[in-house]
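Notes follow the structure.
Taken together, the values in this text are just the output of simple stated rules run on the coordinates, not laboratory data. Note that this is a predicted model, so its numbers are computed, not measured. Cβ atoms come from the backbone with ideal geometry, glycine included; neighbour counts cover every protein chain shown.
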Amino acid sequence: MDHNRFDDLTRAMAVAPSRRQFVKTVLGGIAGGLLASLGLGQAQAGGGNNDCAKFCAQVFGANTPEADKCTSDAAHGQGLCYECGPKSDHTKTLCGKTCVNTKTDTANCGSCGHTCTAPANGSVTCTSGSCVSTCNAGYKLCNGSCIPNDQCCGGCPAGQTCCNGTTCVNANTDPANCGACGHTCTAPANASATCSGGNCGFTCNAGYKLCNGSCIANDQCCGGCPAGKICCNGVCSDSDCPCGRVKISNGTCVTPCNGFGDCPGSRCAEDISGQSYCWQGEFTFDDTCSDDSGCAQGYFCYFFGNCIQAL
């Protein structure tokens, strides 16, 4: 029993009150003790429950059944005041007349009334006060929407194709996706794959040339050389002449030329048969000839019918 009420009771008995006054005092003391044991006496006396009473009145309106119940719940250490009111740990927020966790509540995510909306083919959660969308199996997130996994987010530019849902390619020119996604062009050794019009091809690297579907070094002869010939700088020539030279009828190895620039000193001369070779030495009209065989070895027959020294 509250000690103040106990003192009132003893004083009343000491002054010999009337029977009615005595009974009233006794009953008042008993009632006060019961209320104190329930925690309501403090609220009526303006103690610790006043903050909750004010809170409940603000939420539900003063002197309403809802406010009274809210205050009564608070007197028992429960209810709205202890969930999100003055007596709470403030992990929840009052939204309207309901306590919610704005960090996890999809209807009040981050703030009251902020509703998370799930995209088509997906679901949504509230995580740390932010709406987080998750797509169903077979779909992926794209700018807030869920699209099929085989689609490229944002689409592809005109003339390009979406491959694997991740990459936009030009199937007309991409050697890794030539004509269709995943169709990879291959190339032989010493070559680079190409794709043109959706068809695979290849080009030989620098220093190599095409030979029957392969790429060989420029100084090799495609298909080899006939018997009695050797390959010199990519050209088949007589086997007993140095590379780059050919043998004429008198057994001389001469150097063919196509113009003055092919020979030292611009000495490129046409022989009597119409073939041009590099020449050296002095030009004379002493020896006459009708063909190369009419000249000594080491010479060829110039088209004027004179023998000149081969280079």
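Here are the numbers for this structure:
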read-out: Residue-span extension gain [residue 104 to residue 50] - 0.36 nm each, minus C-alpha spacing; value: 16.4 nm
read-out: Tensor-based shape of the range 272-311 (alpha-carbon gyration tensor, a/c under 1.5 rounded, otherwise prolate or oblate); value: rounded
read-out: Cα centroid of the range 70-100 to Cα centroid of the range 103-168, whole Å; value: 36
read-out: Proxy reagent accessibility, fewest Cβ within 10 Å first, across 167, 184; value: 184, 167
read-out: Neighbour-count order for 254, 100, 235, fewest beta carbons within 10 angstrom listed first; value: 235, 100, 254
read-out: Descending Cα extents along the principal axes, the range 207-311, whole Å; value: 52, 29, 19
read-out: Selection from 161, 144, 128 lying farthest towards where the dipole of the range 76-168 points positive, charges on Cβ; value: 128
read-out: Calculated FRET value between residue 164 and residue 141, using beta carbons and R₀ = 25 Å, to 0.05; value: 0.90
read-out: Modelled FRET efficiency - R0 25 Å, residue 283 with residue 243, Cβ distances, 0.05 increments; value: 0.40
read-out: Per-pair calculated FRET efficiency, R0 = 35 Å: residue 156 and residue 189 via Cβ, rounded to 0.05; value: 0.55
